[in-house]
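What follows is a short report on a single structure.
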Amino acid sequence: MDYDQVRETDPAVADALEGELERQERTLAMIASENHASEAVLAAQGSVLTNKYAEGYPESRYYAGCEYADDVEQLAIDRATELWGAEHVNVQPHSGTQANQAVYFAMLDPGDKILSLDLTHGGHLSHGHPANFVGQLYDVEQYEVDPETGTIDYEGLRDLAESFDPDIVVSGYSAYPREVEWDRIQAAADAVDAYHLADMAHITGLVAAGVHDSPVGIADFVTGSTHKTIRAGRGGIVMCGDEHADAIDKAVFPGGQGGPLMHNIAGKAVGFGEALDPEFQAYAEQVVENAQALGDRLADHGLSLVSGGTDTHLVLVDLRESHPDLSGGDAEDALAAANIVLNGNTVPGETRSAFDPSGIRAGTAGITTRGFGVEAVEEVADLIYRVVDDHDSEDVIYEVGERVEELCDAHPIYE
Ligand SMILES: *Cc1c(COP(=O)(O)O)cnc(C)c1O
C-alpha cells in the first residue's frame with residue numbers, strides 16, 4: 001500500500017499518511033476501540049461515492065443520480081440485518097456518538113431523564129457527560145459498577161431507576177470487560193416504563209459473531225460503532241423495531257445530519273460482508289481468547305484487573321495496588337515509547353482524575369487482525385509488564401520497543 005497518488009499533488013499530506021501507515025505497521029494498536037480495516041474497506045471508503053449527495057434513504061432521495069448510492073446503502077442495510085437481526089437498520093450515522101444522539105433526539109424532549117453509567121466506571125461521553133450537549137440538554141443520573149466485583153450493579157441500577165424515574169436507560173460501555181446482562185437492564189427499564197438504549201459500540205463485532213450476547217430483540221434501540229471489533233470503517237449504526245423506524249430515520253436525517261457519507265457507507269457494506277464470512281467468527285473468538293490470555297498473564301505478573309478478568313476484547317488494569325506511584329497516563333507514555341499503543345483509563349472508584357487516571361485499558365481486536373495468537377499475546381503481556389514495572393528505564397523501553405518491532409514485522413497488516 002502507498003500514497004503515491006497523493007504524493008504527486010501533495011507531498012506534505014503524503015508524508016503524514018505514509019508516516020501513519022508506517023506507525024501502524026511497527027506498533028501494536030492496543031487501544032481497545034481501534035482495529036485495522038481491510039484494503040477493500042479502505043478502497044470503498046476512498047471511492048468516488050465521496051462525491052455524491054444522497055440525502056434521504058434508498059429509493060427515496062432528495063437528489064438525482066442516486067442509483068448506485070442506493071445499491072450500496074441497501075447492501076449495507078441487508079448485511080447489517082443478517083449480522084444483527086434487527087427489524088430496522090439505519091447505516092447513516094457518521095459515528096457512534098451521532099447514532100446515540102439520533103435515539104435521544106427521536107425519543108426525548110429537552111429536560112427528559114437519562115440514566116446511564118458513570119464515565120469513570122466505563123461509560124461514554126455521549127451518554128450524558130456534561131461536556132457533551134446531551135449532558136446539558138437532558139437531565140442525567142448515573143449508575144455505577146459494584147466496587148467489589150467491578151461488574152454492573154444491576155440491583156443498584158434498578159433502585160436508581162425507581163427513584164429517578166428515567167425516560168431512557170442507557171447500557172453499553174467503553175471500558176467494561178464483562179458480558180453485559182441486557183435482560184436485567186431491560187427489566188429495570190421496563191419497571192419504570194423507560195426506553196432502553198443498548199450502545200454496543202465496542203462489541204459490535206463480538207455480538208455479530210455470537211461471542212457476546214446480543215441486545216437486539218431485548219433493548220428498544222441498539223447503536224454501534226463500525227470500526228471497533230468489526231472492521232467496517234469509521235462510522236455508526238442504529239437499529240430498532242419497526243415501530244420506531246420512522247422516528248429514528250427522521251432523527252438521523254434531517255434531525256441530526258445532512259447528506260450521508262456514502263463512501264463510508266460503502267466501507268460499512270464491505271466490512272459487513274467480510275463479517276458474514278465464517279472466518280470472522282473465528283476471528284472474534286480469537287479476539288476474546290487473546291484478551292483472556294493477556295489478562296491472565298498480566299495477573300500472573302501481579303497486576304490487578306478490574307472485575308478480575310474479561311469476557312470481551314479488552315482488559316482494564318487498576319495500577320493502584322501494584323504500582324501506586326505510576327499513573328495510567330505515565331504508563332501510556334512509557335508503553336507508547338516502546339511501540340505498544342494503549343490508553344490510560346479511569347477505573348471504578350477513581351482516586352486520580354480523568355486526565356491522570358489510575359488504570360490502563362488494552363484491547364486485542366487490532367493485534368488479532370494482524371494474526372497474533374495466544375502465544376504472541378502472552379509475550380506482549382510480558383513486554384507490557386516489563387515497561388510498567390520499569391517505566392523509568394530507557395534501556396527497558398528501548399529493548400521492548402525493538403522486540404515489538406520484530407513481532408510487528410512478523411505480522412504485517414497490509415501488503
Ligand atoms: C466508542 C464509543 C462510541 C462511539 O464513539 P464515536 O467515536 O462517536 O464513534 C459510543 N459509545 C460507546 C460506549 C463507545 O465506547
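Read the figures in this text as sums done on the coordinates, not as results from a lab. Predicted model only: the values in this text are computed from it and were never measured. Counting neighbours? That spans all protein chains shown, and the Cβs are built from the backbone with ideal geometry, glycine included.
Round to a whole angstrom and tell me the spacing of the C-alpha centers of the stretch 186-209 and the stretch 211-237. What the calculation gives is 10 Å, centre to centre.
With the charge dipole of the chain set up from +1 on Lys and Arg Cβ and -1 on Asp and Glu Cβ about the Cα centre, the Cα lying farthest toward the positive end among the listed residues 335, 142, 89 is that of 89. In the chain, a dipole from Cβ-located charges (positive for Lys and Arg, negative for Asp and Glu) runs towards its positive end, and of 72, 273, 381 it is 72 whose Cα lies farthest in that direction.
Exposed loop sites were defined as chymotrypsin sites (Phe, Trp or Tyr not before Pro) in DSSP loop states (anything but H, G, I, E or B) carrying at most 14 other C-beta atoms within 10 Å; in the chain the longest segment without such a site runs 64-354.
The dipole here belongs to the chain: it is taken about the Cα centre, uses +1 on the Cβ of Lys and Arg and -1 on the Cβ of Asp and Glu, and is about 820 debye. About its Cα centre, the dipole of the stretch 355-415 is roughly 440 debye, where the only charges are +1 on Lys and Arg Cβ and -1 on Asp and Glu Cβ. Taking GluC sites (Glu not before Pro) across the stretch 1-73, the ones in a DSSP loop with at most 12 further Cβ atoms lying within 10 angstrom of their Cβ are 59.
Among bridges DSSP assigns within the chain, what percent are antiparallel (round to 5)? For the chain, the DSSP antiparallel bridge percentage is about 55. Taken over the C-alpha atoms, the stretch 43-275 has Rg and Dmax values of 17.3, 59 angstrom. So what is log10(I(q)/I(0)) for the stretch 35-120 at q = 0.14, 0.16 1/Å, when the Debye sum runs over its Cα atoms only? For the stretch 35-120, the Cα-only Debye profile gives -0.70, -0.87.
State the antiparallel share, in %, of DSSP beta bridges confined to the stretch 43-275, rounding to the nearest 5.
Numbers: 11 of 26 bridges.
Bridges in the stretch 43-275 are about 40 percent antiparallel.
May I ask which residue of 11, 258, 201 lies farthest towards the positive end of the charge dipole of the chain, with charges of +1 (Lys, Arg) and -1 (Asp, Glu) on Cβ and the Cα centre as origin? Projecting each Cα onto the dipole axis, the largest value belongs to 258.
Per residue, what volume in Å³ does the convex hull of the Cα atoms of the chain enclose? That works out to 136 Å³ per residue. Here the contact order of the stretch 279-410, divided by its residue count and restricted to Cα pairs under 8 Å and six or more residues apart, works out to 27 percent. Largest GNM mean-square fluctuation among 13, 404, 170, using the chain with Cα springs under 10 Å: 13.
In percent, how large is the relative contact order of the stretch 43-275, given Cα pairs closer than 8 Å and 6 or more residues apart?
For the stretch 43-275, the relative contact order is 30 percent.
The alpha carbon centroids of the stretch 17-55 and the stretch 299-350 are separated by 27 Å. Taking 329, 302, 205 in turn, the Gaussian network model of the chain (Cα-Cα springs below 10 Å) assigns the largest fluctuation to 302.
I need the shape label for the stretch 279-410. Rule: rounded when a/c is under 1.5, else prolate if a/b > b/c, else oblate, with a, b, c from the alpha carbon gyration tensor. Since a/c reaches 1.5 but b/c is at least a/b, the shape of the stretch 279-410 is classed as oblate. Pairs with C-alpha atoms separated by more than 23 Å, drawn from the list 113/228; 228/250; 113/250, are 113/228; 228/250.
Assuming charge only on the beta carbon of Lys and Arg (+1) and of Asp and Glu (-1), the dipole of the stretch 43-275 about its Cα centre is about 1240 debye to the nearest 20. Just want to confirm a number: the relative contact order over the stretch 38-119, from Cα pairs under 8 angstrom separated by 6+ residues, in percent. It rounds to 14 percent for the stretch 38-119.
Taking GluC sites (Glu not before Pro) across the stretch 126-166, the ones in a DSSP loop with at most 15 further Cβ atoms lying within 10 angstrom of their Cβ are 148. The GluC sites (Glu not before Pro) found in the stretch 260-338 that occupy coil by DSSP, while having at most 13 further C-beta atoms within 10 Å, are 321.
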